[in-house]
């Protein structure tokens, strides 16, 4: 969205890679939300006044479109657009998408990486097993201020969906780590690696910027055989 510093995009591959990892998901319309400390209200262009969530609301005109397309036994079951959750100041928003991923690929839904978001709320993160669970792709947010309207724009990302494998966050994977003790526990190869990464570049005043970025991009652009696109999303 043009907010990342040029220096970071050019030389900091860690930031650039994290920003580019996944897909942005945008709100399906411009609208505003407001929490008065007790109830949640919303407003969109064309609405006569602020509407109170009691506790859910459909996207304008969507229920009729859903019923026109759905089999008879599924009519009347269109997913709500907004739902006030039981927890105070918590709101669920449907993105308008249903996602299905390839086998053994799930989706991590989180706030957009390295992108300043509108104030007044924070997003909960969640991992959805979209290779087997076929349903509305939604997010939950928590209001961090009350009595102030918050505008969500259809042209500004609300979420970032990132593909992850079940093995990536499995208990055995997260448990397969160790923490070293004092610096005296570092082996010779560790000190050699530190010298290569930190010391030698700082001793060379004429070194080019972005050596890590260049090396990482070359490594990433090596051809990978058998790659399969992990995501298919339908509005």
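For the chain, modelled as a GNM with alpha-carbon contacts under 10 angstrom, which of 131, 185, 39 fluctuates the most?
185
Taking the alpha-carbon centroid of each part, what is the distance from the stretch 1-62 to the stretch 147-209 in angstrom?
27
Can you give the calculated 222 nm mean residue ellipticity of the chain, where each DSSP H run of n ≥ 4 adds -39,500 (n - 2.57) and the sum is split over every residue, rounded to the nearest 500 deg cm²/dmol? Let's see the in-between values first.
On the way: 7 runs with 48 residues, N = 235.
Mean residue ellipticity at 222 nm (helix-derived): -5000 deg cm²/dmol.
Where the convex hull is taken over the Cα atoms of the chain, what is its projected area averaged over directions, in nm²? List each step's numbers first, then the result.
Details: hull surface 76.3 nm².
Directional mean of the projected Cα hull area for the chain stands at 19.1 nm².
Relative to the longest principal Cα axis of the chain, at what angle does helix 211-220 sit, 0 to 90 degrees, rounded to 10?
The angle comes out near 70 degrees.
Which residue fluctuates most in the GNM of the chain (Cα springs below 10 Å): 143, 209, 59?
209
For the chain, with a Gaussian network of springs between Cα atoms less than 10 Å apart, report the residue from 45, 67, 190 with the top mean-square fluctuation.
Comparing 45, 67, 190 in a Gaussian network model of the chain, the most mobile one is 190.
When a footprinting reagent is the concern and you count Cβ atoms within 10 Å, what order do 43, 106, 147 take, fewest first? Write out the running numbers ahead of the final one.
Values: 43 16, 106 21, 147 8.
The most exposed by this proxy come first: 147, 43, 106.
Which of rounded, prolate, oblate describes the stretch 37-163, given a ≥ b ≥ c as roots of the alpha-carbon gyration tensor eigenvalues and a/c under 1.5 marking rounded, otherwise prolate only if a/b is larger than b/c? If you can, show how the numbers build up before the last one.
Working: a/c = 1.88, a/b = 1.11, b/c = 1.69.
It is oblate, given that a/c is not under 1.5 and a/b is not larger than b/c.
Which value results when the Cα radius of gyration for the stretch 1-91 is divided by 2.2 N^0.38 Å?
On the way: Rg = 19.1 Å, N = 91, 2.2 N^0.38 = 12.2 Å.
Dividing the Cα Rg of the stretch 1-91 by 2.2 N^0.38 Å gives 1.56.
Tell me, 139, 188 in order of fewest to most beta-carbon neighbours within 10 Å? Write down the numbers at each step before the final one.
Values: 139 20, 188 7.
With the fewest neighbours first, 139, 188 line up as 188, 139.
With 10 angstrom as the radius, rank 94, 191 by how many other C-beta atoms surround their C-beta, starting from the fewest. Working shown, then result.
Numbers: 94 23, 191 12.
Least crowded to most crowded, the residues run 191, 94.
Since every read-out is calculated from the coordinates, none of them should be taken as a lab result. Everything numeric in this text was worked out from a predicted model, so none of it was measured. All Cβ positions, even for glycine, are placed from backbone atoms using ideal geometry, and neighbour counts span all protein chains on display.
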